[in-house]
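**Student:** What follows is a single structure, and I will ask about it in a moment.
The values are calculated or read from the model by the stated rules, or taken from the named source; none is laboratory data. As the structure is a computational prediction, the values presented were derived from the model and not from experiment. Here the Cβ positions follow ideal geometry from the backbone for every residue, glycine too, while neighbour counts run over all protein chains shown. Ligands, DNA and RNA are excluded from the accessible area calculation, which covers all protein heavy atoms including side chains. Shrake-Rupley method; radii C 1.70, N 1.55, O 1.52, S 1.80 Å.
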Amino acid sequence: MTSDLTDLIRTIPDFPKPGIQFRDITTLLADGEGLRDLTARLADIARPLDPDLIVGIEARGFILGAALALSLGKGFVPVRKKGKLPGKTVGIDYCLEYGSDRLEMHEGQVPQGARVVLVDDLIATGGTANAAAQLLREQGASVLMALFAIDLPDLGGMAALAADGVTARAIMTFDGH
């Protein structure tokens with residue numbers, strides 16, 4: 001196992017705006033050993049929960065969520081931005097620092113009572129993850145945990161999830177914005 005996955009994360013200064021240190025997980029995804037290690041670490045956390053489904057948030061959450069689902073032998077469900085899914089959807093509108101957005105999933109894809117683990121690459125303020133968890137709960141799912149590759153603790157996302165009753169864990173932590 002790669003001992004320090006943080007070495008595989010590229011930091012891009014001043015993206016998408018000045019003062020932001022963007023943590024780019026694509027460099028880790030391109031490293032086969034790193035991706036295998038990250039997936040194994042996520043699986044070690046999720047396996048004891050015995051979820052029915054893994055739910056990934058667009059877009060990099062699809063990559064990690066699908067890898068985790070494969071590792072655990074579980075199904076995968078995508079939560080996407082508005083208008084990206086064919087067929088009948090259910091959705092939730094939520095606020096961001098700069099406006100609002102909408103997340104959607106296929107209606108009925110997560111059965112009533114399903115036990116799910118929510119996955120994304122990074123937790124910042126927690127707005128998107130909280131919205132996804134709320135959408136899943138509205139469909140009757142039990143959100144066992146939210147898992148992330150990276151936590152940016154200075155932005156308060158983990159605390160926001162905890163305040164909403166969502167247990168969350170991250171594999172790596174980066175201080176700063």
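**Student:** Spot the failing condition for ALA124; the list is (1) over 20 Å from THR89 (Cα atoms); (2) in contact with a strand residue (DSSP E or B) (Cβ under 7 Å, 6 or more places away or on another chain), and only one is missed.
**Tutor:** Of (1) over 20 Å from THR89 (Cα atoms); (2) in contact with a strand residue (DSSP E or B) (Cβ under 7 Å, 6 or more places away or on another chain), only one is false for ALA124: (2).
**Student:** Condition first: basic (Lys, Arg) and surrounded by 18 or more Cβ atoms within 10 Å (Cβ to Cβ). Now tell me which residues in region 19-65 satisfy that.
**Tutor:** The answer is ARG23, ARG41, ARG60.
**Student:** Consider region 49-61. How many of its residues are without any contact (Cβ under 8 Å) to a residue 60 or more places away in the chain and either among the β-branched types (Val, Ile, Thr) or within 23 Å of GLY140 (Cβ to Cβ) (or both)?
**Tutor:** 1
**Student:** Filtering region 66-107 down to residues that are open to solvent by less than 50 Å² (accessible area, probe 1.4 Å) and charged (D, E, K, R), which residue is farthest from ARG23 (Cα to Cα)?
**Tutor:** Here the answer is GLU104.
**Student:** So which residues in region 130-149 are within 23 Å of GLY34 (Cβ to Cβ) and either in contact with a Cys (Cβ under 7 Å, 6 or more places away or on another chain) or buried (at least 22 other Cβ atoms within 10 Å of the Cβ) (or both)?
**Tutor:** ALA146, LEU147, PHE148, ALA149
**Student:** Is it the case that ILE63 is of a type in the set (A, V, I, L, M), in contact with a helix residue (DSSP H, G or I) (Cβ under 7 Å, 6 or more places away or on another chain) and within 22 Å of ALA149 (Cβ to Cβ)?
**Tutor:** When the stated conditions are applied, ILE63 passes them.
**Student:** So, one more: Among the residues of region 163-177, write down those that are modelled with pLDDT of 95 or more and open to solvent by 70 Å² or more (accessible area, probe 1.4 Å).
**Tutor:** ALA163, THR167, ARG169, THR173 - these are the residues of region 163-177 that are modelled with pLDDT of 95 or more and open to solvent by 70 Å² or more (accessible area, probe 1.4 Å).
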